[in-house]
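These notes are about the structure you will find just below.
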Amino acid sequence: MDLRSEYEKIARCNRCGFCQVACPVFRATGHESGVARGRIAMLKALIENRLPWDEGLKEPLFDCLSCGACTANCFPAVATADLILDARAEYLDRVGRNHLHRLLFRRLLPYPRRLRLAARAAAMAQRTGLSRVAAMLGLLRAFGRDAARAQQVVDRFPPHAFREKFAPGVFQGEGNLRIGYFVGCGTDVMVPEAANATLAVLRRLGKTIEILDNCCCGLPAITYGDRQAAQALAEKNLRLIHAAQFDWVVTDCSSCAAFLKKYPELFDGRDVRNAAARALAERVRDLVQVLGLDGRAVKATRGGTVIATYHDPCHASRGQGLVREPREVLRSLPGVEFREMPEADWCCGGAGSYALSHYDLAIRVLQRKIDNVERTGANLLVTSCPACIVHLRFGIRQRGLPVRVCHIAELVAEGGTQHGTP
């Protein structure tokens, strides 16, 4: 990676400072290095050799949430998050790579079964207290400087992953479409109840629904700056998913959906993989795009009517422009009163594994989100990203609020019939 090729994009920043009001990191810290204007100045200094490539760059490069809020508030629309990802890639080339990340991206994420086994081991360690022992010994620091504290973000690991109960295969449905279900890592391992609901919903929309044998989409690798690992993961998925046989390839993880739609950007236009990437990207649908008005009665909470509010995942609202669709679904559901949340599209601080290395900052960003949830008076917090679900549940537990956090698919599917077998 050579950041110099991006100099014209970097030079478009006019240093106006409008990014400050939208940046969760800047609003939490007040540090210029944490806002787009400061980050762009740093990248420009690197290109102009006024700043050395060394380990001192790690914090300002990697504490960005990549939420994209700065670009949405930028008059010249400088894509700071994308530029930071490019800079991270060059940092890894010049300064060095974390061997544990190499293991994760190349030996774990390409193999869903290994990932599920790792999650099962983590669950066992959590139940038996071994994770606390590991924290005391400092072993968890290998996963990030704050990994020991970040354990508490996950209340408990589900006893079974989704694809342990529903192996890849074809299900019959009630609709007319041929649908491929791309199961994200987070949905599979951390919130399988959302995947169960998605399958029920897709069976009402599709004639055939194939649970795909996909691996990780590659977003964690590209976020860390490892473009080669992201390409390898994408290539494996392209070999496994023959896009032409589906009308839609649907995923209930907005982060996966946004990245799958960007697959063509991973490969040069002359690369044979680019055509397959474009074919897949054209058919990818975030679940919130296809839910429509397929709602069934939602079970009310003990107080009667469900009061729901919605958190926009960054990869849904800014990554795909999906803002209207989930709200239309929520407003269409009987028994649901929808209340708009202040700063609904403000990042929750989850950002995948962000808390492993930036726990304090992640919590400060999360607290602002939970403040806004509390202001709505809602007893149901809905979203469409498994990482957001895990992080928001942590915030709700910390605050002691009587609020259920769930995936939007769960609301649409509740009251539906039991899932069948392939």
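The values are calculated or read from the model by the stated rules, or taken from the named source; none is laboratory data. A quick note: this is a predicted structure, and the numbers were derived from the prediction, not measured. Heads up, the Cβs are rebuilt from the backbone with ideal geometry, glycines too, and the neighbour counts pull from every protein chain shown. Surface accessibility is based on the protein's heavy atoms, side chains included, excluding ligands, DNA and RNA. Shrake-Rupley method; radii C 1.70, N 1.55, O 1.52, S 1.80 Å.
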Out of Arg364, Arg393, report the one residue that is more than 27 Å from Val183 (Cα to Cα), open to solvent by 10 Å² or more (accessible area, probe 1.4 Å) and of a type in the set (Lys, Arg).
Arg364
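Which of the residues that make up the range 41-57 are of a type in the set (D, E, K, R) and not in a helix (DSSP H, G or I)?
Glu48, Arg50, Asp54
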Name the residues in the range 200-212 that are in contact (Cβ under 8 Å) with a residue 60 or more places away in the chain and either hydroxyl-bearing (Ser, Thr, Tyr) or open to solvent by 10 Å² or more (accessible area, probe 1.4 Å) (or both), would you?
Ala200, Arg203, Arg204, Leu205
Kindly list the number of the only condition in (1) open to solvent by 30 Å² or more (accessible area, probe 1.4 Å); (2) within 19 Å of Gly292 (Cα to Cα); (3) part of a helix (DSSP H, G or I) that fails for Glu174.
(3)
Report whether or not Arg27 is out of contact with any Pro (no Cβ under 8 Å at 6 or more places or on another chain), assigned to a helix (DSSP H, G or I) and closer than 27 Å to Gly321 by Cβ.
yes
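Can you confirm whether the range 226-249 contains a residue that is under 22 Å from Thr383 (Cα atoms), assigned to a strand (DSSP E or B) and of a type outside the set (Lys, Arg)?
yes
Wholly within the range 309-422, which strands (runs of 3 or more DSSP E) include no fewer than the required count, namely at least 2 residues that are touching a residue at least 60 places away in the same chain (Cβ under 8 Å)? Write out each step before concluding.
Working: elements: 336-338, 380-383, 404-407.
Per the criteria, 380-383, 404-407.
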Mind checking which residues of the range 353-378 are closer than 25 Å to Val336 by Cα and β-branched (Val, Ile, Thr)?
Ile370, Val373, Thr376
Hits in the range 43-63 (condition: surrounded by 11 or more Cβ atoms within 10 Å (Cβ to Cβ) and either closer than 19 Å to Asp226 by Cβ or touching a residue at least 24 places away in the same chain (Cβ under 8 Å) (or both)):
Leu43, Lys44, Leu46, Ile47, Trp53, Leu57, Lys58, Glu59, Pro60, Leu61, Phe62, Asp63
With the requirement that a residue be more than 22 Å from Cys67 (Cα to Cα) and either open to solvent by less than 10 Å² (accessible area, probe 1.4 Å) or without any contact (Cβ under 8 Å) to a residue 60 or more places away in the chain (or both), what does the range 247-260 give you?
Val249, Val250
Using the structure shown, decide if Ala387 is among the aliphatic types (A, V, I, L, M), more than 30 Å from Arg204 (Cα to Cα) and surrounded by 22 or more Cβ atoms within 10 Å (Cβ to Cβ).
no
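State whether the residues of the range 79-96 include one that is among the polar types (S, T, N, Q), at pLDDT below 85 and open to solvent by less than 70 Å² (accessible area, probe 1.4 Å). Walk me through it before giving the result.
We begin by selecting, within the range 79-96, every residue among the polar types (S, T, N, Q); these are 80.
Subsequent filtering for residues that are at pLDDT below 85 retains none.
Scanning the range 79-96 turns up no residue that is among the polar types (S, T, N, Q), at pLDDT below 85 and open to solvent by less than 70 Å² (accessible area, probe 1.4 Å).
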One residue is enough: does the range 32-40 have a residue meeting the conditions part of a loop (DSSP other than H, G, I, E, B), closer than 18 Å to Val365 by Cβ, free of Cβ contacts under 8 Å to residues at least 40 places away in the same chain and open to solvent by less than 20 Å² (accessible area, probe 1.4 Å)?
yes
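Quick check: anything in the range 306-319 surrounded by 16 or more Cβ atoms within 10 Å (Cβ to Cβ), modelled with pLDDT under 90 and either under 28 Å from Gly349 (Cβ atoms) or out of contact with any strand residue (DSSP E or B) (no Cβ under 9 Å at 6 or more places or on another chain) (or both)?
Quick first cut of the range 306-319, residues surrounded by 16 or more Cβ atoms within 10 Å (Cβ to Cβ) only: 306-319.
From what's left, modelled with pLDDT under 90: 306.
If we keep only those that are either under 28 Å from Gly349 (Cβ atoms) or out of contact with any strand residue (DSSP E or B) (no Cβ under 9 Å at 6 or more places or on another chain) (or both) as well, we get 306.
Yes - at least one qualifying residue is present in the range 306-319.
Within the range 1-24, count every residue that is open to solvent by less than 60 Å² (accessible area, probe 1.4 Å) and either among the hydrophobic types (A, V, I, L, M, F, W, C) or not in a helix (DSSP H, G or I) (or both). Break it down stepwise before answering.
The initial filter retains those residues of the range 1-24 that are open to solvent by less than 60 Å² (accessible area, probe 1.4 Å), namely 2-3, 6, 10-11, 13, 17, 19-20, 22-24.
Narrowing further to those that are either among the hydrophobic types (A, V, I, L, M, F, W, C) or not in a helix (DSSP H, G or I) (or both): 2-3, 10-11, 13, 17, 19, 22-23.
Final tally of qualifying residues: 9.
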